[in-house]
Amino acid sequence: MVSGAPTPEPSVLPPPAGLRRLLPYRLFWIIALVTLVVDQLSKLCLEARLPFGTYGEPGAIRIVPNFLHLVHVGNTGAAWSMFSGRSLFLAVLAAATLAAIFIWRRALGLQDRVGQVCFGLLCGGITGNLADRLRHGYVVDFIDLHFGSYVYPTFNIADAGICIGVGLYLLHSLRHPA
């Protein structure tokens, strides 16, 4: 090596074109994947522990008595069993929603970190429930909340991701109108 000669910089290759398009949305992908995995793992654990159709006494698992129980039920509808028995229609609607979010990702603000968090939760939840519909023909629900004599409709992690994602997006949109 000659003294005073510049040392060559290590060559760093740019990521492939496909990866370059995904990197700006990495927070979205991470949150969507974590939401999907946690949802599906929780359902697999539940399915291994409780037989299908377990609701109420004596089979439900009481986590916090008179407040939080784990049950194992199926929902062929949407939230609060709306459109009950229309699982195929809801699966097609879920797939169309995911496609629409992909197509209009820039208009929806997915390049923004807050948008990525909101839509990561939403898309992870939609994908989790879609996977259930394709595998079972219904969505597996298991979180059963009781507030005194009121029993909240049974839901799952995917539903929570969807609701939290939509709620955060609405709050963000109200605080930062386009």
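The values are calculated or read from the model by the stated rules, or taken from the named source; none is laboratory data. Predicted, not measured: the structure shown is a model, and the values here were computed from it. Heads up, the Cβs are rebuilt from the backbone with ideal geometry, glycines too, and the neighbour counts pull from every protein chain shown.
How about the range 99-139: which of its residues are closer than 17 Å to F89 by Cα and free of Cβ contacts under 8 Å to residues at least 12 places away in the same chain? If the condition is that a residue be closer than 17 Å to F89 by Cα and free of Cβ contacts under 8 Å to residues at least 12 places away in the same chain, then A99, A100, R135 are the ones that fit.
Do we have L108 as within 18 Å of L36 (Cβ to Cβ), touching a helix residue (DSSP H, G or I) at 6+ places or on another chain (Cβ under 7 Å) and hydrophobic (A, V, I, L, M, F, W, C) here?
Working: within 18 Å of L36 (Cβ to Cβ): no; touching a helix residue (DSSP H, G or I) at 6+ places or on another chain (Cβ under 7 Å): yes; hydrophobic (A, V, I, L, M, F, W, C): yes.
So L108 fails the test.
Within the range 28-68, the set of residues being under 17 Å from N129 (Cα atoms) and among the hydroxyl-bearing types (S, T, Y) comprises T35, S42. When the test is whether a residue is within 28 Å of Y25 (Cα to Cα) and in a loop (DSSP other than H, G, I, E, B), L170 does not pass it. You will find that of L110, L93, L98, the residue that is surrounded by fewer than 18 Cβ atoms within 10 Å (Cβ to Cβ) and over 14 Å from the mean Cα position of the chain (by Cα) is L93 and no other. Restricted to helices (runs of 4 or more DSSP H) entirely inside the range 11-128, those with at least 2 residues that are acidic (D, E) and out of contact with any Cys (no Cβ under 7 Å at 6 or more places or on another chain) are 26-49. Among the residues of the range 151-164, just one is part of a strand (DSSP E or B) and at pLDDT below 95, namely V151. Of everything in the range 122-166 that is in contact with a His (Cβ under 9 Å, 6 or more places away or on another chain) and aromatic (F, W, Y), the residue that is surrounded by the fewest Cβ atoms within 10 Å (Cβ to Cβ) is Y152.
Given the condition out of contact with any helix residue (DSSP H, G or I) (no Cβ under 9 Å at 6 or more places or on another chain) and over 14 Å from L36 (Cα atoms), answer yes or no: does some residue in the range 127-134 qualify?
Restricting attention to the range 127-134, the residues satisfying the condition of being out of contact with any helix residue (DSSP H, G or I) (no Cβ under 9 Å at 6 or more places or on another chain) are none.
No, every residue in the range 127-134 fails to be out of contact with any helix residue (DSSP H, G or I) (no Cβ under 9 Å at 6 or more places or on another chain) and over 14 Å from L36 (Cα atoms).
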